[in-house]
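The values are calculated or read from the model by the stated rules, or taken from the named source; none is laboratory data. What you see is a predicted model; the values in this text were computed from it and never measured. Here the Cβ positions follow ideal geometry from the backbone for every residue, glycine too, while neighbour counts run over all protein chains shown.
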Amino acid sequence: MRRIFYLAIVAVLGGLFWWGLQRNPGELKSVLIGKPAPDFELPLLAPYRQEWGDRFRLADHLGKTPIVLNFWASWCYPACYEEAPVLQAAWERYRGRVLFFGINNQDKTSEALKFIDRFGLTFPQGYDPRGRVGIDYGMYGVPETFFIDRAGKVRYRHAGAIDAATLEAKIGEVLR
């Protein structure tokens, strides 16, 4: 009788695990949608300090332009490697109309700098070694991208590598 009980528990847990693996992380809802973006202040990685200063505070940029906030890490393979060129191309296209900001999450500085160099990322990148900002945003894992409108409200969250079509569509929405 105990054996059947344990097998039933294993079957239920296995079923829940399988179901969870089948879900698209992009379908996970964010409690931030429609709410003000949580403010934060982070040190900038070295390549961005001359143009942007030593630190980046989100509140200094809210109300001026829409913001694309991307959480990433050098150890996030292949997703972060797939989306980095997509984000850079969009930054080049929308610079001056949309601010892109990358947050390197729970990574080593040296590895983050190698990643930035590899993809030629020119939009500002902050460093969050403890993942504190990701917690404030309810991040499930890297990569995740948040779209913040001019009013400072989170309009959309994308989990996983973002493709060019989705990025363009969501930028279009926050530019309206």
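Considering only residues in the stretch 143-176 that are more than 16 Å from A90 (Cα to Cα) and among the aliphatic types (A, V, I, L, M), the one that is surrounded by the fewest Cβ atoms within 10 Å (Cβ to Cβ) turns out to be A151. Checking each residue of the stretch 94-110 against the condition of being touching a residue at least 60 places away in the same chain (Cβ under 8 Å), surrounded by fewer than 19 Cβ atoms within 10 Å (Cβ to Cβ) and under 26 Å from E173 (Cβ atoms) gives at least one match. A112 satisfies every condition listed in (1) within 21 Å of F40 (Cβ to Cβ); (2) small (G, A, S); (3) modelled with pLDDT of 95 or more; (4) under 13 Å from the mean Cα position of the chain (by Cα) except (4). Applying the selection to the stretch 69-108, what residues are of a type in the set (V, I, T) and closer than 20 Å to L58 by Cα? Correct list: V98, I103. Tell me, which residue of the stretch 143-160 that is small (G, A, S) and within 9 Å of the chain's Cα centre (by Cα) is farthest from T65 (Cα to Cα)? The qualifying residue farthest from T65 (Cα to Cα) is G160. Please state which one of L69, L99, L87, L42 is touching a His at 6+ places or on another chain (Cβ under 6 Å) and at pLDDT 95 or above. Going through L69, L99, L87, L42 in turn, just one is touching a His at 6+ places or on another chain (Cβ under 6 Å) and at pLDDT 95 or above: L99. Scan the stretch 67-93 for residues that are free of Cβ contacts under 8 Å to residues at least 40 places away in the same chain and either surrounded by 19 or more Cβ atoms within 10 Å (Cβ to Cβ) or under 20 Å from R150 (Cβ atoms) (or both) and the total you get is 3.
In this structure, does Y140 turn out to be surrounded by fewer than 20 Cβ atoms within 10 Å (Cβ to Cβ), closer than 21 Å to S30 by Cα and among the hydroxyl-bearing types (S, T, Y)? In short, yes.
Checking each residue in the stretch 48-64 for being within 19 Å of the chain's Cα centre (by Cα) and modelled with pLDDT of 95 or more picks out Y48, R55, F56, R57, L58, A59, H61.
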